[in-house]
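Working notes, structure below.
Derivation of every value follows stated rules applied to the coordinates shown; laboratory data play no part. This one's a predicted model, so the numbers in the text were calculated from it and none came from an experiment. Using ideal geometry, Cβ is built from the backbone for each residue, glycine included, and neighbour counts are taken over all protein chains shown.
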Amino acid sequence: MPEFWINMGPQHPMTHGLWNMKVKVDGETIVDAKPEIGYLHRGYEKIMEVREFQKNVVLTDRLCYVSSITWSHAYCLAVEKMMGIETPERGQWIRVISLELQRIASHLMWLASYGPDLGLLTGLLWALRERELFLDLIQLMSGARMNQNFPRVGGVRNDLPENFEAMCRRSIEHFLEKYENEYQAIFQESKVFRMRTEGVGKITVEEAINWGITGPNLRACGVDVDLRRLDPYETYGEIDFEPQVWHDGGAGDSYARFVCRFNELRESCQIVLQALKKMPKTGPYRVKPPRRAEGEGYAKTEDSRGEALFYVIGDGDDRPYRVKIRSPVFCTMAATPTLLRGNKLADVVSILGSVDVCVGEMDK
Amino acid sequence: MSALAKPLPHITGRPVPGVEKEVLAGLKAAFASKLKDAKAVRERLVEIVIDRADLIDVCTYLKNTLGFEHLSCITAVDWKDHFESIYHIENYYNGCMVQVNAQIPYDDPKIASLTGLWHAADYHEREAWDLMGVEYEGHPNLVRILLPEDFKFHPLRKEFAQEVDRQYISRRKLRGGK
């Protein structure tokens with residue numbers, strides 16, 4: 001049968017955004033693939049150069065609108081490293097709590113989109129229902145459901161509200177009950193779901209590292225790398241948690257990626273509960289940053305999708321001279337031809353859904 | 001140095017304290033005269049400045065001898081009188097990061113490509129070429145990635161002007177003053 005190219009995108013239910021995956025098929029088998037990106041390029045790195053350090057947080061929020069806080073936090077951390085200031089302890093704990101709540105919300109959004117990808121519409125409804133719990137918590141904390149503008153250079157915008165701890169516990173308890181009883185049943189214990197995900201989209205450890213795949217996608221290959229533990233930032237060093245790594249052999253397929261993300265939901269809940277217990281009850285949560293700064297600073301953090309890196313250079317003005325954003329999805333996208341080759345056309349959705357693509361941060 | 005010379009252990013996912021000094025010593029021993037500047041900036045971060053001609057040697061040493069397997073990021077910076085291509089290379093075994101600043105003259109923005117060592121360099125170099133116009137020699141497919149193919153400029157260069165060079169509205173003006 002002759003080989004030919006098929007466009008999956010830019011308008012396709014699988015893409016979850018605006019990008020184009022060209023696949024070359026021989027019958028049903030994929031022989032080559034070529035991602036085309038850039039539809040959503042907004043020139044972030046350039047427009048950040050004319051805005052003051054703090055004003056850029058509004059922009060970094062919109063890099064990935066389903067995990068705004070993690071991106072703004074990475075940016076603030078890089079600027080703090082450049083200025084040589086450090087957040088007060090309570091501010092760091094508040095950041096950890098906000099980051100983990102955001103991670104849960106982001107993973108639930110991914111779950112909500114991965115379900116319908118495989119024909120599991122219940123997954124969409126349930127995951128979005130539970131995501132609302134965490135968005136409510138974030139709203140309680142920062143005032144907004146999305147695009148919160150919450151992290152500040154030198155701390156966070158405001159202290160936690162009064163009854164936050166009790167609210168948090170109640171929501172997490174409710175969520176974990178659903179997680180153990182309902183989510184496990186429709187996803188992991190469903191035979192159809194496992195048939196669609198197991199054994200497709202495999203990648204070896206060497207290739208995954210060489211291609212620069214990070215985060216849950218790399219841990220699904222059995223590599224125990226979590227920047228929260230490997231290069232601890234904020235107060236992650238004081239928290240006792242276990243990065244979710246796939247250990248069961250036959251690693252690197254869609255199912256392993258699913259399990260790593262899925263288990264991270266529970267782990268993040270534990271981190272939030274632990275942080276609420278360990279954090280000092282009072283104290284400053286923010287320091288005043290200098291207006292102008294010179295030098296360079298970089299920060300790498302464990303974003304919901306992998307390693308987020310900000311590299312900021314200041315030339316003594318109140319604006320950055322150069323900002324570089326390293327998006328984990330951008331690097332994973334480079335590896336998608338390797339993931340897809342040899343699989344069936346129908347599995348493209350199952351593979352690309354499991355790597356969790358967010359176009360906003362990919363195209364910058 | 002003894003810990004570095006032995007075959008590398010499996011990834012434990014935990015940082016090794018004091019590793020930045022070992023890495024710095026290893027780099028200094030191997031490339032004494034070629035390093036224009038080398039320092040351990042903070043915990044788990046080493047920064048070196050090299051000339052563009054030594055890039056492949058340094059990176060090969062980092063990857064094959066010191067176990068820096070993960071190329072995290074490539075940044076191109078326009079310093080007005082010269083360019084800089086900055087590589088963030090990470091070691092999963094001990095959590096150390098090396099920042100390699102390779103200097104490039106302004107009138108000849110070319111540097112060797114790292115795609116032979118890391119596949120990850122592919123997209124990063126295409127992006128740097130697209131936005132900054134630094135040419136990575138030896139790259140198999142150096143075409144624009146984010147901007148349209150017929151775009152004529154490299155917008156991250158400082159000579160590419162924005163509408164305003166400072167987005168700033170004074171409070172007095174907002175209140176109706178001059």
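The local environment of A:TYR179, defined by Cβ-Cβ distances under 11 Å, has a net charge of -3 under the rule Lys, Arg +1 and Asp, Glu -1. By DSSP, the beta bridges lying fully in the range B:49-178 are antiparallel in about 75 percent of cases. Where only DSSP H runs of four or more residues are counted, chain B gives -6500 deg cm²/dmol as its mean residue ellipticity at 222 nm, each run worth -39500 (n - 2.57). Using only alpha carbons, the protein assembly as shown has a radius of gyration to Kirkwood radius ratio (Rg to Rh) of 0.95.
Listing B:LYS63, A:LYS364 from fewest to most neighbouring C-beta atoms within 10 Å gives B:LYS63, A:LYS364. In the range A:1-156, Cα pairs under 8 Å separated by at least six residues give a relative contact order of 21 percent. Assuming charge only on the beta carbon of Lys and Arg (+1) and of Asp and Glu (-1), the dipole of the protein assembly as shown about its Cα centre is about 1720 debye to the nearest 20. Electrostatic bookkeeping for A:VAL200 treats Lys and Arg as +1 and Asp and Glu as -1; over the other residues with beta carbon under 15 Å from its beta carbon, the sum is +1. Summing Lys and Arg as +1 and Asp and Glu as -1 over all other residues whose Cβ lies under 11 Å from the Cβ of A:TYR44 gives a net charge of +2.
When the GluC sites (Glu not before Pro) in the range A:132-215 are filtered for DSSP coil states and for at most 10 other beta-carbon atoms within 10 Å of their beta-carbon, the remaining sites are A:GLU162, A:GLU189. Residue exposure proxy: A:LYS178, B:LYS158, ordered by other Cβ atoms within 10 angstrom of their Cβ from fewest to most, comes out as B:LYS158, A:LYS178. Can you show me the helix-derived [θ] at 222 nm for chain A, built from DSSP H runs with n ≥ 4 at -39,500 (n - 2.57) apiece and divided by the number of residues, rounded to the nearest 500. Taking each H run of at least 4 residues, the total per residue is -14000 deg cm²/dmol. For a straight C-alpha distance cut-off of 17 angstrom, the aspartates and glutamates reachable from B:LYS34 (same-chain residues fewer than eight places away being disregarded) are B:GLU47, B:ASP51, B:ASP54, B:ASP57, B:GLU84.
Projecting the Cα atoms of B:HIS70, A:ILE213, A:GLY306 onto the charge dipole of the protein assembly as shown (Cβ charges, centred on the Cα centre) puts A:GLY306 farthest toward the positive pole.
Between helix B:19-30 and chain B there is an angle of about 80 degrees, using the helix long axis and the longest principal axis of the Cα atoms.
Taking other C-beta atoms within 10 Å as the exposure proxy, A:VAL31, B:VAL49, A:VAL245 rank A:VAL31, B:VAL49, A:VAL245 from fewest upward. Can you bin the range B:1-140 into rounded, prolate or oblate? Criterion: square roots of the alpha carbon gyration tensor eigenvalues sorted a ≥ b ≥ c, rounded for a/c under 1.5, prolate for a/b above b/c, oblate for the rest. Taking the square roots of the gyration eigenvalues as a ≥ b ≥ c, the range B:1-140 is prolate. Annotation: lysines with alpha-carbon distance below 21 angstrom to A:LYS300 (same-chain offsets under eight excluded): A:LYS46, A:LYS55, A:LYS81, A:LYS324, A:LYS364, B:LYS21, B:LYS39, B:LYS63. Once the Cα atoms are used to define both axes, helix A:89-117 deviates from the longest principal axis of chain A by about 20 degrees. Summing Cβ point charges (Lys, Arg +1; Asp, Glu -1) relative to the Cα centre of chain B gives a dipole of roughly 1100 debye.
Across chain A, the relative contact order, built from alpha-carbon pairs under 8 Å that are at least six residues apart, equals 27 percent. Using only side-chain charges placed at the Cβ, +1 for Lys and Arg and -1 for Asp and Glu, the dipole size of the range A:166-271 relative to its Cα centre rounds to 440 debye.
Axis of helix A:68-83 versus longest Cα principal axis of chain A: the two differ by about 50°, to the nearest ten degrees. The relative contact order of the range A:242-331 comes to 18 percent, based on Cα pairs under 8 Å that sit 6 or more residues apart.
Of the trypsin sites (Lys or Arg not before Pro) found in the range A:266-320, the ones in coil according to DSSP and having at most 14 other Cβ atoms within 10 Å of their Cβ are A:LYS281, A:ARG291, A:ARG292. Along the axis of the charge dipole computed for the range A:118-264 (Cβ charges of +1 for Lys and Arg, -1 for Asp and Glu, origin at the Cα centre), the listed residues A:THR122, A:MET167, A:LEU227 are led at the positive end by A:THR122.
For the range B:43-59, 3J(HN,Hα) computed residue by residue from phi via the Karplus equation (6.51, -1.76, 1.60; θ = phi - 60°) reads 4, 6, 9, 10, 10, 10, 10, 9, 8, 5, 5, 8, 4, 5, 4, 5, 5 Hz, glycine and proline entered as x.
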